[in-house]
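Trainee: Provided herewith is a single structure, encoded as structure tokens, for subsequent inquiry.
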Amino acid sequence: MNVFKGAREYFPSVKQIRYEGRESDNPLAFKFYDPEKLVGGKKMKDHLRFAVAYWHSFCNTGDDPFGPGTHRFPWASAGDPLAQAEARLDAAFEFFTKLGVEYYCFHDRDIAPEGGSVAESEKNLKRLVSLAKERQGSTGVKLLWGTSNLFSNPRYMNGAATNPDFRVLAHAAAQVKAMLEATVELGGENYVFWGGREGYFSLLNTEMKREVDHMARFLAVARDYGRSIGFKGSYLVEPKPMEPTKHQYDYDAATVIGFLRAHGLDKDFKLNLEANHATLAGHTFNHDLQLAADAGLLGSVDANRGDPQNGWDTDQFPNNIYETAEVMMIVLQMGGFTSGGLNFDAKIRRNSTDPEDLFLAHIGGMDIFALGLELAQRIITDGRIAAMRKARYSTFDSGDGAAFETGKLGLDALAALAAKSGEPPMTSGKQELYENIVNSLLGRLR
Ligand code: XUL
Ligand code: CO
């Protein structure tokens, strides 16, 4: 049942999307994503935990600085903003169930319009949350994470938690309080803080240390309130180096890990990492993922990709097997997601205007992640790469190398060892061999 009682069908040309296998030519079918298939003893769907991003899929009309939106949403003609929001919710749940996705994510303002006052905004949100709860109950679709939009309203032009005006910060707090309550009500498994305007354009008018301290205090009070109302999930901070501000405080994974530790927040907060944000920061996605995983702080993933020729957040759907395999290698090696998942923080292109395009984009993203998962599992089971990598460090496994690792050798002892042992041999890094092994395993995927 994809259409709700009394609701119109918003995607009538699309039926239930099913797994048809790699020989299928049906564009509206999965070729690789077979939700029940066991990979390494666990179902694909439980490895991948896919989520649809409400904002890109149901709110983004495709407008850009050069022209208006091109996506004609059928729910836009439903009446006043609240009626439109209700129709949009029906369309969204029709989409989730037809796609067969288990999770979704949203900002407060994605599902309910902002009112003229804090009270009116909360009333609108409560109304839509009660409808979403009904839909979740009847479809089994769950909330991966909730978040607050603290960047669109003009009041946040100088930041939200880092705004130089305390009164703006208090408004941000009202939004986070209401949205934490909504997330608890909907059984959300995580709560995300993306610091959209938490940064600066010029240090001439900015007290950076004070703003960053405010941000830490804001996260701490949000954490405490969430816990006090029964939120048991993970709090996640999502790094991004710039856009909309010139410099954002949550620059990249390393910056956020340092920030969380410096402010004693690393027990409750993990990271939600997005591919296009890592590349905007000048890193590969797997660089940021590995850093967070090594710190025990990899919470969830915003699955998308950027454009190598463009220096902005193009938020395209993933389509690169190497990138998805790299993500899944790190996820598998950390033992899988706990509360996190793969949220498609991605949008169809402005000129992708057929109703089925939203399905095609998600099908492509889910399929390439399924294939990436299979490749990652093969690389791990094959074991050659892990063994070669481990062997590179073997001089630290025993003798003087092990003594150094455990802090038993000082600088003078190290220098004496160098003098005694002479010039060390040249040991190849074998990067091309590693890459060839990955490709040979890719070729063996069946
Ligand atoms: C913006 C972005 C956000 C966050 C949630 O670049 O990624 O959509 O994921 O606020
Ligand atoms: Co994101």
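The values are calculated or read from the model by the stated rules, or taken from the named source; none is laboratory data. On a predicted model such as this, the values are computed, not experimentally measured, just so you know. Because the Cβ atoms are built from the backbone with ideal geometry, glycine has one as well, and the counts that use them run over all protein chains shown. Surface accessibility is based on the protein's heavy atoms, side chains included, excluding ligands, DNA and RNA. Shrake-Rupley method; radii C 1.70, N 1.55, O 1.52, S 1.80 Å.
Trainee: Which of the residues that make up the range 256-269 are more than 16 Å from the chain's Cα centre (by Cα) and not in a helix (DSSP H, G or I)?
Mentor: Selection gives HIS263, GLY264, LEU265, ASP266, LYS267, ASP268.
Trainee: Go through the range 424-445 and give me each residue that's touching a helix residue (DSSP H, G or I) at 6+ places or on another chain (Cβ under 9 Å) and either closer than 15 Å to TYR393 by Cβ or open to solvent by 70 Å² or more (accessible area, probe 1.4 Å) (or both).
Mentor: Hits for the range 424-445 are PRO424, THR427, GLY429, LYS430, LEU433, TYR434, ARG444.
Trainee: Checking the conditions here, which among ASN304, ASN310, ASN343 is in contact with a Cys (Cβ under 6 Å, 6 or more places away or on another chain) and either buried (at least 22 other Cβ atoms within 10 Å of the Cβ) or free of Cβ contacts under 8 Å to residues at least 40 places away in the same chain (or both)?
Mentor: The match here is ASN343.
Conditions tested, residue by residue: (1) in a loop (DSSP other than H, G, I, E, B); (2) on the phi < 0 side of the Ramachandran plot; (3) in contact with a Phe, Trp or Tyr (Cβ under 9 Å, 6 or more places away or on another chain).
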position	(1), (2), (3)
GLY282	yes, no, no
ASP288	no, yes, no
ALA292	no, yes, no
GLY299	no, yes, yes
ASP307	yes, yes, no
TRP312	yes, yes, no
PRO318	yes, yes, yes
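Trainee: Something else: Got a number for residues in the range 198-236 being open to solvent by 80 Å² or more (accessible area, probe 1.4 Å), touching a Pro at 6+ places or on another chain (Cβ under 9 Å) and either in a helix (DSSP H, G or I) or within 16 Å of ligand 1 (Cβ to nearest atom) (or both)?
Mentor: So the answer is 2.
Trainee: Sort through THR61, THR70 and tell me the only one that's farther than 30 Å from HIS171 by Cβ and among the hydroxyl-bearing types (Ser, Thr, Tyr).
Mentor: Going through THR61, THR70 in turn, the sole match is THR70.
Trainee: Considering only the range 237-255, I want to know if a residue exists there that is open to solvent by 20 Å² or more (accessible area, probe 1.4 Å) and in a helix (DSSP H, G or I).
Mentor: Scanning the range 237-255 turns up at least one residue that is open to solvent by 20 Å² or more (accessible area, probe 1.4 Å) and in a helix (DSSP H, G or I).
Trainee: Shifting gears a bit: All but one of (1) open to solvent by 40 Å² or more (accessible area, probe 1.4 Å); (2) more than 16 Å from ligand 1 (Cβ to nearest atom) hold for LEU28, so report the exception by its number.
Mentor: (1) is the only condition that LEU28 fails.
Trainee: Residues of the range 272-296 being open to solvent by 10 Å² or more (accessible area, probe 1.4 Å) and more than 15 Å from ligand 1 (Cβ to nearest atom), which ones?
Mentor: The answer is GLY282, HIS283, THR284, ASN286, HIS287, GLN290, LEU291, ALA293, ASP294, ALA295, GLY296.
Trainee: Has the range 45-61 got any residue that is in a loop (DSSP other than H, G, I, E, B) and away from ligand 2 (no atom under 16 Å from the Cβ)?
Mentor: Within the range 45-61 (the criterion being in a loop (DSSP other than H, G, I, E, B) and away from ligand 2 (no atom under 16 Å from the Cβ)), the answer is yes, since at least one residue qualifies.
Trainee: Just name the residue that is farthest from PHE285 (Cα to Cα) out of those in the range 362-378 that are in contact with a helix residue (DSSP H, G or I) (Cβ under 9 Å, 6 or more places away or on another chain) and open to solvent by 10 Å² or more (accessible area, probe 1.4 Å).
Mentor: Ranking the qualifying residues of the range 362-378, first place goes to ARG378.
Trainee: Of all residues in the range 256-267, which are surrounded by 17 or more Cβ atoms within 10 Å (Cβ to Cβ) and among the charged types (D, E, K, R)?
Mentor: If the condition is that a residue be surrounded by 17 or more Cβ atoms within 10 Å (Cβ to Cβ) and among the charged types (D, E, K, R), then ASP266 is the only one that fits.
Trainee: Quick test of your reading of the structure: ALA87 fulfils all but one of (1) within 23 Å of the chain's Cα centre (by Cα); (2) more than 16 Å from ligand 2 (Cβ to nearest atom); (3) of a type in the set (A, V, I, L, M). Name the failing condition by number.
Mentor: Going through (1) within 23 Å of the chain's Cα centre (by Cα); (2) more than 16 Å from ligand 2 (Cβ to nearest atom); (3) of a type in the set (A, V, I, L, M) one by one, ALA87 breaks only (1).
Trainee: If you don't mind, there's one more thing I want to ask. Out of all the residues in the range 294-307, which are within 19 Å of GLU189 (Cα to Cα) and under 15 Å from the mean Cα position of the chain (by Cα)?
Mentor: Answer for the range 294-307, where residues must be within 19 Å of GLU189 (Cα to Cα) and under 15 Å from the mean Cα position of the chain (by Cα): LEU297, LEU298, GLY299, SER300, VAL301, ASP302, ALA303.
Trainee: Quick check on the range 153-176. Is at least one of its residues of a type in the set (Asp, Glu), within 13 Å of ligand 1 (Cβ to nearest atom) and either open to solvent by 10 Å² or more (accessible area, probe 1.4 Å) or out of contact with any His (no Cβ under 7 Å at 6 or more places or on another chain) (or both)?
Mentor: no
Trainee: Here is a further query. Would you be able to say whether some residue in the range 416-423 is basic (Lys, Arg) and either open to solvent by less than 60 Å² (accessible area, probe 1.4 Å) or without any contact (Cβ under 8 Å) to a residue 24 or more places away in the chain (or both)?
Mentor: Among the residues of the range 416-423, at least one is basic (Lys, Arg) and either open to solvent by less than 60 Å² (accessible area, probe 1.4 Å) or without any contact (Cβ under 8 Å) to a residue 24 or more places away in the chain (or both), which makes the answer yes.
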